[in-house]
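The values are calculated or read from the model by the stated rules, or taken from the named source; none is laboratory data. Just so it is clear, the structure is predicted and the values come from calculations on it, not from any experiment. Quick reminder, even Gly has a Cβ in these numbers, built from the backbone with ideal geometry, and neighbours come from all protein chains shown. Accessible surface areas use protein heavy atoms only, side chains included; no ligands, DNA or RNA. Shrake-Rupley method; radii C 1.70, N 1.55, O 1.52, S 1.80 Å.
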Amino acid sequence: MDLQELIAKKRSSLRSCKTVVTDSLGNKCEIEHGRVKKLERGMPFVIDEKPDLHVASIVPGLYLSSQDPAVCSDILKRYKIGHILSIGVNISEKFDDIRYYNCDLLDLPESNIMPSIKKCVDIIHANRKENILVHCNAGVSRSPAIIIAYLMTMMELSYNEAYDIVKIARSCIKPNDGFVKQLLKMHLSVSYHNISET
């Protein structure tokens, strides 16, 4: 049996499977045995049906989460949150007894994180005594990157030391590669007042 016959035999023994493809406009199709079948149009994104209500305590007075706890009154009361810093997200529901702050930042490797660090470090530092929750959409890239930068500047930690503290508290974090490169370039001896906006 030559190689081509062996491949054909193996291919014939494979189980059939269906692949569903959704494009950026929500058009869906199913592919099976090379045949394409159009399906009912849906949403162009995956709907998150399981809220992430985990709130991670990083250091006293500083908390990290996804956007879900930021709109849950019971959770905010449990952690006695007095301030919420939203990174790149505008939350729809706000409560009268909480002060809100926003920082625009796209979760793209090419986004310059340095201006956001300066702004957010000041906000966090001014409000830790009254418990501040920092969140982005998923609590995986943007808000952890900001908190890592805060720990680096205020506690004079290396990137790896700050990352480990945040990772232990919230295991799903994964700042994008561009943010990591910028954080690694931060000089430990530079105070947060002197962070360059380059």
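What fraction of the DSSP beta bridges in the chain is antiparallel, stated in percent and rounded to the nearest 5?
50
At 1.4 Å probe size, with the rest of the protein present, what percent of the exposed accessible area of the chain is carbon and sulfur atoms? Write down the numbers at each step before the final one.
On the way: 6470 of 12340 Å².
Answer for the chain: carbon and sulfur cover 52 percent of the accessible area.
Could you grab the relative contact order for segment 55-194? Cα pairs under 8 Å, six or more apart, rounded to a whole percent. Write out the running numbers ahead of the final one.
Values: 236 pairs, mean separation 40.3, N = 140.
Result for segment 55-194 is 29 percent.
Might you report the magnitude of the Cβ-based charge dipole of the chain about its Cα centre, with Lys and Arg at +1 and Asp and Glu at -1, to the nearest 20 debye?
Rounded to the nearest 20 debye, it is 500 debye.
At 0.36 nm per residue, and after removing the present C-alpha to C-alpha distance, how many nm does the segment from N27 to K80 gain when stretched out fully?
Between N27 and K80, full extension yields 14.6 nm more.
Could you name the lysines whose alpha carbon sits less than 20 Å from that of K181, not counting residues in the same chain fewer than 8 places away?
Straight-distance partners of K181: K118, K119, K167.
At a Förster radius of 25 Å, what calculated FRET efficiency corresponds to the Cβ-Cβ distance of L184 and S57, to the nearest 0.05?
Details: r = 25 Å, r/R0 = 1.02.
The formula returns an efficiency of 0.50 here.
Given a 1.4 angstrom probe, what's the average accessible area per residue across segment 55-194, in square angstrom?
48
If the cut-off is a Cα-Cα distance under 18 Å, which lysines reach K38, setting aside same-chain residues fewer than 8 apart in sequence?
K18, K28
Quick one: the Cα spread of segment 50-132 along its three principal axes, in angstroms, biggest first?
The Cα atoms of segment 50-132 stretch 37, 31, 23 Å along their principal axes.
Which three extents, in whole angstrom, do the alpha-carbon atoms of the chain cover along their principal axes, largest first?
Cα extents, longest axis first: 71, 40, 29 Å.
Excluding residues on the same chain fewer than 8 positions from K77, give the aspartates and glutamates whose Cα lies under 20 Å from its Cα.
D52, D68, E93, D96, D97, E130
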